[in-house]
Amino acid sequence: MQRSWANRMTLQERVEALAAKTEFTSEDRALFDEFKAALNRGEIRAAERDESGQWRAKIWVKRAILLGFRLGSLTEMSTPGSQWRFFEKDTYPRREFSLSDNVRIVPGGSSIRDGAYVAPGVVCMPPMFVNVGAYVDTGTMIDSHALVGSCAQIGKRVHLSAAAQVGGVLEPAGAAPVIIEDDVLVGGGCGVYEGTVVREAAVLGAGTILTGSTPVYDLVRGLVYRGTEESPLEIPPGAVVVPGSRAIEKGPGREWGLSLYAAVIVKYRDEKTDQAVKLESFVR
């Protein structure tokens, strides 16, 4: 009867019960593997839109990912015969792919951690890294030296250019991870970190840095966007953002002629922008 009751519990309920334990059995490990397989298939994810269209963290999913570190044991994961040695929790090995997954992983040192969803049609240029809990949707390209952090959510047909970093937010569990929506172009060397949502079809020029505390100056609409404790920084749909600067207006900084970094929206996508972005699709 007890087993029958357990079978009627949802995956969320079973994982939440597991998270409360301090000692684990082989059955607990099997349950965690079931959870991780659901992450790999994209059936569950670390953040989703609510009814109002706002992104919200799935707290139980993030807690379950953290549980994997407590559940696992440190083990060697070195490639036989290699001079490079790797040691990691056995709950989070490198994710294995097959040809049927339809993910292009170009040879050259890329790594995708188990528990990350990478959709069919994604292109991975070496070397790149996708961390546990990340969600990368179909048609996206992850270019060389790019990072998709833990629990980051990447939409369809996104281009993460060379050396772009999309930060992960695994802790605290209630914090929404970084969101990059559909058809966004993230330029080379960009950094998009905690407390940021980049809405669909936006373009981040090379070197743009965004965080939840970064003010963004919209020259087109005459507005300044900021994140708050209650809501993330949101880059509007179709915005073209470039790195800029703003003068320090008082104190020694003014006397010395110093300026601070500023993210600036210089325009919104037009036909010329669309043509430049379209060129990126030829390598997919």
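The conditions of being in contact with a Pro (Cβ under 9 Å, 6 or more places away or on another chain) and at pLDDT 95 or above are not met by K36. There is no residue in segment 107-114 that is under 15 Å from the mean Cα position of the chain (by Cα) and under 17 Å from A57 (Cα atoms).
Just to be sure, is V186 modelled with pLDDT under 95 and at negative phi? Taking the combined requirement at face value, the residue does not satisfy it. Looking at this structure, is V132 touching a residue at least 12 places away in the same chain (Cβ under 8 Å), part of a loop (DSSP other than H, G, I, E, B), closer than 21 Å to D182 by Cα and touching an Asp or Glu at 6+ places or on another chain (Cβ under 6 Å)? Criteria not met by V132.
The residues on offer are G133, G121, and the sole one that is modelled with pLDDT of 95 or more, more than 14 Å from the chain's Cα centre (by Cα) and of a type in the set (G, A, S) is G121. Does any residue of segment 138-150 turn out to be surrounded by fewer than 22 Cβ atoms within 10 Å (Cβ to Cβ), part of a loop (DSSP other than H, G, I, E, B) and at pLDDT below 95? No - not one qualifying residue is present in segment 138-150.
Across segment 183-204, the qualifying residues are those that are under 16 Å from H159 (Cα atoms) and small (G, A, S), and the one among them that is surrounded by the most Cβ atoms within 10 Å (Cβ to Cβ) is A202. Does segment 55-100 hold any residues that are exposed (fewer than 15 other Cβ atoms within 10 Å of the Cβ), part of a helix (DSSP H, G or I) and in contact with a strand residue (DSSP E or B) (Cβ under 8 Å, 6 or more places away or on another chain), and which are they? The answer is F69, and nothing else. Taking segment 196-227 as the range and being part of a loop (DSSP other than H, G, I, E, B) and either of a type in the set (V, I, T) or at positive phi (or both) as the test, the residues that pass are A201, G207, T208, T211, T214, V220, G222.
Candidates D137, D143, D114: the one that is of a type in the set (D, E) and closer than 18 Å to E88 by Cβ is D114. Taken together, the residues in segment 205-225 that are without any contact (Cβ under 8 Å) to a residue 40 or more places away in the chain and either small (G, A, S) or crowded, with 23+ Cβ neighbours inside 10 Å (or both) amount to 5. Condition first: under 25 Å from K58 (Cα atoms) and in contact (Cβ under 8 Å) with a residue 40 or more places away in the chain. Can you find one or more residues in segment 187-199 that meet it? Within segment 187-199, one or more residues are under 25 Å from K58 (Cα atoms) and in contact (Cβ under 8 Å) with a residue 40 or more places away in the chain. Of everything in segment 8-18 that is touching a helix residue (DSSP H, G or I) at 6+ places or on another chain (Cβ under 8 Å) and loosely packed, with under 15 Cβ neighbours inside 10 Å, the residue that is farthest from S73 (Cα to Cα) is M9. A count restricted to segment 30-52 and to residues that are crowded, with 16+ Cβ neighbours inside 10 Å, assigned to a helix (DSSP H, G or I) and of a type in the set (K, R) stands at 1.
Candidates are the residues of segment 161-183 that are among the acidic types (D, E) and modelled with pLDDT of 95 or more; the one that is farthest from W60 (Cα to Cα) is D183.
The values are calculated or read from the model by the stated rules, or taken from the named source; none is laboratory data. Bear in mind that the values here come from a model prediction, so they are computed numbers and not experimental data. Here Cβ is always computed from backbone atoms with ideal geometry, including for glycine, and neighbour counts include all displayed protein chains.
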